[in-house]
Every structure is written in C-alpha cells, then in structure tokens.
Amino acid sequence: MCGIAGFTHTATGVGEGVIRQMTHSLLHRGPDEQSYFWSTDIALGAVRLRVIDPKGGDQPFQTEDGQAVIVFNGEIYNAARLRRELQDLGHRFRSRCDTEVVLRAFLEWDTECFERFRGMFAIAIWSVSGRRLVLARDRMGIKPLYLRHAGRDLVFGSELKALFAHPRVTRTLDLDALQDFLSLNYVPGPRTLVQGIEKLQPGHFLEWRNGITAITQYWKLAFAPDSRLDENTAADELDRLLRESVREHMVSDVPVGLWASGGLDSSALLHYAAEACSKPVKTFSIAFKSKSCDERNYFRQVADLYGTEHHEFEMKPGPHLASAIEDLAYFSDEPGADAGALPVWFLSKMSRSHVTVALSGEGGDELFGGYLTYRADHLTRRLRHIPGLISRTALAAARAFIPVSNEKIGLEYKLKRFLEGSLLHPDEAHLFWNGSFSLEQKRHLLPNRNGHHLRDLYRGMPSAAEIGFVNRYLMADQLYYLPDNLLYKVDRMSMAHSLEVRPPLLDHRIVEFAGRLPERLKMRGTNQKAILKRVMTGRLPDEILNRKKSGLDIPAHEWFRGPLLELLKDTLQPDVVRRTSLFNSDVTERLIRDHSKKRTNAGYQLWGLLTLFLWLKRWNIEIVPAEEQRNTVPRQALAAAS
C-alpha cells in the first residue's frame, strides 16, 4: 500500500522541491519508504507501506531501459497468475511485488491491462518515448485519486493535501459541491469541495499527452437481473466467490487481521478467513458504553465461535475525542459528515499496533440490500397513495408529541425521518434517509444559495422498470455512497495510521454476481440480504443472522449534548459562521440550542457542520462569492453513463 503524487511540468517552471513536498505530505500512507522521479516533463512521487516483497519493489519503479516508470497504490490479488502469464510471454521480473506486475502488464497490453486486474488500485504510468501519462483507478473506487488541471499540465495525488502542496493549485470552496455535502454528507464524484479538483471516477483511466487529456471508462457497473437464477445455484456461486476472494485478500508478507462488528458481513468474512488460516485470526472491534451503539455481545460471540485472537477498544467520552476530531480535519482532506469516521479512527489505531493489514466488510449492504433505507423505499411506495395532507399531519404530530431520544438512531428519529422523506420524490427520499439537510433546511441555512435537485445523480441510470425498484437504489449507492463516503472514510482513517484495509466483498466478480441477482434473492419483505443469509445458515448463529442492522457509529445525539458540545460551540461561533458570508448564523445557533435542549435530534447534521468548519479553518479554504466563481463544467458527467 502506498500514496502517490505527481505532475507534468511542460509549461511551468516548478522545481523538484514541489514533488518532494507533495510526496512527504503522504508519508502517513507509507512510512517505510519515500522517493520520487524527476524528468524534464514529469515528476512522480511515492511513499510505501511494505506489504508484499518488503525488500523489493520500492517506488517509483522503472523498467531496465528507463522508458517507463510507475507509481502504484493498492494490491493486485491475481498478481501471481498474471506474473506467470507475462513470463510465458517473455517478460523477466526482478522483484516479487505487484507493482512490477502492473508495469509489465501495461507494457504488454497497454490500457487493456486494467480489465485484467483483480484488486484495489490507483496507478500512474509515464511512458518516456511517447511523453504519455496514464492514470487509472480500480472498479469500485476503493483507492482514491485526485486531479487538478493547471493550464495544459496535470497535477494528481492520493489525497488533496498532496495537491495543496503544488503552487498552482488554489483552495477555493466549490459552492455547488457544498450543496451536495450538506444534503448527502459527502460530495459525489467527480466533484470535490475544492473548485477545480476532481476525483478520477472508479473504473476509469486518464491519458495525458502534450497537454491533451482524455478519460475512458474501462468497466461499468451493470445490473442485469436474471429471473431464472434459483436460490440454490446462487448460494453455491456466492459461497465459491467469497471463499476465493477472502483467500486472495489474506495474501501478505506482513500480519493480517479482520475488523469484526458482529454483523453478518464481517462475520461471514471471518468464517472464510478462519478456513484459510492455520493460526487464529486476529480480530478487532469497537465497543461503546452507550447501549444504542454497543455491539460487544455480538462480536464477542463470533470471536469465541472461531477462536480468534480478539482485541477491542471501548470508546468513552473524554478530552481525547475533541483532539481526535481535530486530527480528522487534517487526515480527511475533505470533511466527512459520516460520524462513523471517529470509531474507525480508533479502530484503525488499535489494529495498527498488532497488524499491518485488516479485512473489512464494506460493500455487503450496498450489494445485497442491507440498509433500512431500502425497506423504507418499499414502505413509502404504499404510503404515497395516502393524501399528502395526512402525511404532513402525521409528521407534525410526531414532532410535537414523540419525545426526543438520546439513542443513536432510535425509533423516534427513524419515524420522523421516514415521514419527512415520504413527502419527497422517491429518488430524493432514498438519498435523504442516509443524508443530512433537506432542501428546505438548506434554504434557511444558506439563504443566498438556490438549492439544486439531487435527482440529477440518477441521470443516465436504468429505470426501476428496467432493473427493479430496489436495484435502482442499490445501484445509486454503489455509484456514490459507497466510493465517496464509506470507502473514502475507511481509506483516510486507516491510512492515517499506516494500516492497509481490504474489502473482500468488493471483488468485482462478487459485484457483478450481485448485479445478476433477482431482487427476491436480496430482499423478501423484511428479510434483507437473503442470499448471504442463506449461504451462512448453519455456519453462523441465528442471533447473528437475524440481528437488526446497526452500523459502526457514535451516539452523536447524546455526545453533542455532553462531551462534544463545547467543541461544537467553539467551532460554530456566530461570528465565525457570519464571516463565511454563506451560512445563516441564526440558523446554526438555533440548531445547536434546540438540539442541546432536546427539542430535536440534529446530532448528525451538527457533526457535518462541525467537520466542515474545522476543515475550512485547517486548510485555509477560500470562500469566493458565487457571482465571482467561474462556471466550470466537470470533465465527466455525475452519472456513470459515459
């Protein structure tokens, strides 16, 4: 695992010191080695966390003749097979690392090589003779890659902070992206919160040659439900795919562990990991004093079942929380309005003291329909036949008479959120249930900005009539929520502690398999992730198979009435809010006051505002009025329909 950075400099006089600064800014991602490559056309830098072939494979990695050089972040799980195939074609290797496999695969198959890789990756390859730069990102967006055009030149890196070290990269807040952030808790690609900086989208590669850039999609998420697929056949195939994926993800020259929440996804991975290991698997979990967040009864049960070497950390309120949150502003690059980032921070920190690599269960809910939002999508199809006046009356009654709870996501919070979402268009409702501020709330919070419709994200996606009602929202979450929120969060929090996290469920073969499943094998009424439960029946206890979805998160409502309230008030002081010339300080003050007095539950909205303002301050982000910002058009459409 590594961090990469670079820039072309055909038209600029940027010196070697810049690539050194860019590379050094990523040292937490790869503390074992840092180096850079410099030529008259390009600068490439890499930091390395040695996982495969610790004594070889340092980067940047060049061919013997110096005609090609690569910097690479990630892991290729079928590298051994590709190595044998390339050796049969005449290639000679001088290391065991997958970096060299990627480079020689590119020399043999050019950009068609990306379709052959199974893994997570962000790649930059420079061809000297053609003065050609190629960047590529894995299919699901597990590994990040950011871009900034500087005239005819291109600046790129694994994190925004690397780009910020380049003198031609400005730090202006993107006001349209801010709207997305406040609605969704994240910014859907290719945008970022910094104007002009984009993400290379998952499953795409970029070619730069003499100042001309072209972006191509080499893999596309597809849903083609096969109604003929029966449950037994599907279960057998999923069982095989999971076993193969976990076995491949366990390959490492350094210690490997597993994040165990006691949920279905991580417990299934533990089952296959225990099969593949001759020694007890090292497992890591987060516990809470708050009962609404604590899962220790479940993860201890699974750890005991498989005889793991178990480690857990209990999150408690205290001064260390505020310090960690302020650290997030540096390591997150972009603010993360997902409050689950905080426990993942401590989980990563604990894990790194024992292992260098950890497996995690990201992707299971998005592939097989595990979130309560999918059930809400179904329920509101019936509710929308009821006159809107009745729904609005029910919402008003719920707000007036159901007392506010300190639970993480209690019945009161879910009911009010559900009723509010039921008044929206179905596409907007799905995003709202996992999001933050509604369009109406944003109009009060940002009085001088016109809100935009989130339904634009669905542009280019198949209709519900084509792929199914639930599949449409699974697809939306796989395109946006998964890469731009969950995977982003895990990457930043884990790499802040030099920990490599691998998600076996996002092997593209499993993703493609899930896209072929009929909806009845994902959801049957209230039975969610039906096919995965079928595979694990008889292997995992019923308590694990049938437990309610929880999710790793903090008790945000409770903590913003107690241990985090001082940090919140200090960060969102009225004069600070007013100086942005964007936010209505009266609205933020009222939101904090109403929450602290238990008139409403706004913990997750306040978390988003807290992380946003900490980030604005930490990175000196400039706020330019909308009328002064140039109207830039992203180089890729938001929907993956290229």
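The values are calculated or read from the model by the stated rules, or taken from the named source; none is laboratory data. As the structure is a computational prediction, the values presented were derived from the model and not from experiment. Because the Cβ atoms are built from the backbone with ideal geometry, glycine has one as well, and the counts that use them run over all protein chains shown. Side chains are part of the model used for accessible areas, which takes the heavy atoms of the whole protein and leaves out ligands, DNA and RNA. Shrake-Rupley method; radii C 1.70, N 1.55, O 1.52, S 1.80 Å.
If the condition is being hydrophobic (A, V, I, L, M, F, W, C), in contact with a Ser or Thr (Cβ under 8 Å, 6 or more places away or on another chain) and assigned to a loop (DSSP other than H, G, I, E, B), then the stretch 268-282 contributes only 281. When you scan the stretch 412-426, do you find a residue that is under 23 Å from residue 362 (Cβ atoms) and of a type in the set (Phe, Trp, Tyr), even just one? There is no residue in the stretch 412-426 that is under 23 Å from residue 362 (Cβ atoms) and of a type in the set (Phe, Trp, Tyr).
Somewhere in the stretch 98-111, is a residue touching a residue at least 60 places away in the same chain (Cβ under 8 Å) and either of a type in the set (A, V, I, L, M, F, W, C) or assigned to a helix (DSSP H, G or I) (or both)? Among the residues of the stretch 98-111, at least one is touching a residue at least 60 places away in the same chain (Cβ under 8 Å) and either of a type in the set (A, V, I, L, M, F, W, C) or assigned to a helix (DSSP H, G or I) (or both), which makes the answer yes.
Please verify whether residue 221 is more than 30 Å from residue 333 (Cα to Cα) and touching a helix residue (DSSP H, G or I) at 6+ places or on another chain (Cβ under 7 Å), treating the condition exactly as stated.
So residue 221 fails the test.
Just to be sure before I move on: is residue 388 at pLDDT 85 or above and either of a type in the set (Gly, Ala, Ser) or in contact with a strand residue (DSSP E or B) (Cβ under 6 Å, 6 or more places away or on another chain) (or both) in the structure I sent? Spelling it out, it is not the case that residue 388 is at pLDDT 85 or above and either of a type in the set (Gly, Ala, Ser) or in contact with a strand residue (DSSP E or B) (Cβ under 6 Å, 6 or more places away or on another chain) (or both). Here residue 591 meets each of (1) free of Cβ contacts under 8 Å to residues at least 24 places away in the same chain; (2) in a loop (DSSP other than H, G, I, E, B); (3) buried (at least 18 other Cβ atoms within 10 Å of the Cβ); (4) of a type outside the set (S, T, N, Q) with one exception, condition (2).
Across the stretch 113-132, what is the total count of residues that are in contact with a helix residue (DSSP H, G or I) (Cβ under 9 Å, 6 or more places away or on another chain) and open to solvent by 50 Å² or more (accessible area, probe 1.4 Å)? Total satisfying the criteria: 2.
One residue is enough: does the stretch 531-542 have a residue meeting the conditions open to solvent by less than 50 Å² (accessible area, probe 1.4 Å), touching a helix residue (DSSP H, G or I) at 6+ places or on another chain (Cβ under 8 Å) and modelled with pLDDT under 95? Looking through the stretch 531-542, none of the residues is open to solvent by less than 50 Å² (accessible area, probe 1.4 Å), touching a helix residue (DSSP H, G or I) at 6+ places or on another chain (Cβ under 8 Å) and modelled with pLDDT under 95. In this structure, is residue 600 more than 27 Å from the chain's Cα centre (by Cα), polar (S, T, N, Q), at pLDDT below 95 and open to solvent by 40 Å² or more (accessible area, probe 1.4 Å)? In short, yes.
What helices (runs of 4 or more DSSP H), lying completely within the stretch 315-425, carry at least 2 residues that are open to solvent by 40 Å² or more (accessible area, probe 1.4 Å)?
Hits in the stretch 315-425: 319-331, 341-352, 372-383, 388-401, 411-422.
May I ask you to say which residue of 472, 459 is more than 30 Å from residue 578 (Cβ to Cβ), open to solvent by 20 Å² or more (accessible area, probe 1.4 Å) and touching an Asp or Glu at 6+ places or on another chain (Cβ under 9 Å)?
472
When 245, 290, 285, 261 are checked against the criterion of being in contact (Cβ under 8 Å) with a residue 60 or more places away in the chain, under 16 Å from residue 361 (Cβ atoms) and part of a loop (DSSP other than H, G, I, E, B), 261 stands alone in meeting it.
Among the residues of the stretch 563-588, just one is under 21 Å from residue 340 (Cβ atoms) and open to solvent by 40 Å² or more (accessible area, probe 1.4 Å), namely 563. Applying a threshold of 9 Å to beta carbon distances and a minimum spacing of six or more residues, or different chains, the list of pairs starting in the stretch 363-388 at a residue that is without any contact (Cβ under 8 Å) to a residue 24 or more places away in the chain and ending at one that is part of a helix (DSSP H, G or I) and open to solvent by less than 30 Å² (accessible area, probe 1.4 Å) reads 386/422.
When the stretch 283-300 is limited to residues that are in contact with a Lys or Arg (Cβ under 8 Å, 6 or more places away or on another chain) and under 16 Å from residue 265 (Cα atoms), the one that is least open to solvent (accessible area, probe 1.4 Å) turns out to be 285. Of the residues in the stretch 548-559, not one is closer than 16 Å to residue 266 by Cα, in a helix (DSSP H, G or I) and touching a residue at least 24 places away in the same chain (Cβ under 8 Å). Scanning the stretch 40-49 for residues that are open to solvent by 10 Å² or more (accessible area, probe 1.4 Å) and of a type in the set (Val, Ile, Thr) turns up at least one hit. All of 96, 132 fail the test of being under 19 Å from residue 249 (Cα atoms) and charged (D, E, K, R), apart from 96.
Would you check if residue 466 is buried (at least 21 other Cβ atoms within 10 Å of the Cβ) and over 21 Å from residue 370 (Cβ atoms)?
The answer is no for residue 466.
Got a number for residues in the stretch 1-46 being in contact (Cβ under 8 Å) with a residue 40 or more places away in the chain, part of a strand (DSSP E or B) and touching a Pro at 6+ places or on another chain (Cβ under 7 Å)? Number satisfying all stated conditions: 3. When residues of the stretch 222-242 are filtered for being open to solvent by less than 50 Å² (accessible area, probe 1.4 Å) and within 18 Å of residue 361 (Cα to Cα), how many remain? Residues in the stretch 222-242 being open to solvent by less than 50 Å² (accessible area, probe 1.4 Å) and within 18 Å of residue 361 (Cα to Cα): 4 in total.
Would you check if residue 430 is over 30 Å from residue 625 (Cα atoms), modelled with pLDDT of 85 or more and either not hydrophobic (A, V, I, L, M, F, W, C) or not in a helix (DSSP H, G or I) (or both)?
So residue 430 passes the test.
Within the stretch 85-94, one or more residues are open to solvent by less than 10 Å² (accessible area, probe 1.4 Å) and without any contact (Cβ under 8 Å) to a residue 24 or more places away in the chain.
None of 303, 276, 268 is hydrophobic (A, V, I, L, M, F, W, C) and either open to solvent by 40 Å² or more (accessible area, probe 1.4 Å) or closer than 23 Å to residue 555 by Cβ (or both) except 276. Scanning the stretch 136-186 for residues being open to solvent by 10 Å² or more (accessible area, probe 1.4 Å), closer than 16 Å to residue 6 by Cα and assigned to a helix (DSSP H, G or I) gives a total of 1.
Here is the figure for the stretch 496-517: residues that are farther than 23 Å from residue 351 by Cβ and either among the aliphatic types (A, V, I, L, M) or open to solvent by 10 Å² or more (accessible area, probe 1.4 Å) (or both) total 8. Residue selection: residue 581 fails the criterion of being closer than 26 Å to residue 433 by Cα and polar (S, T, N, Q).
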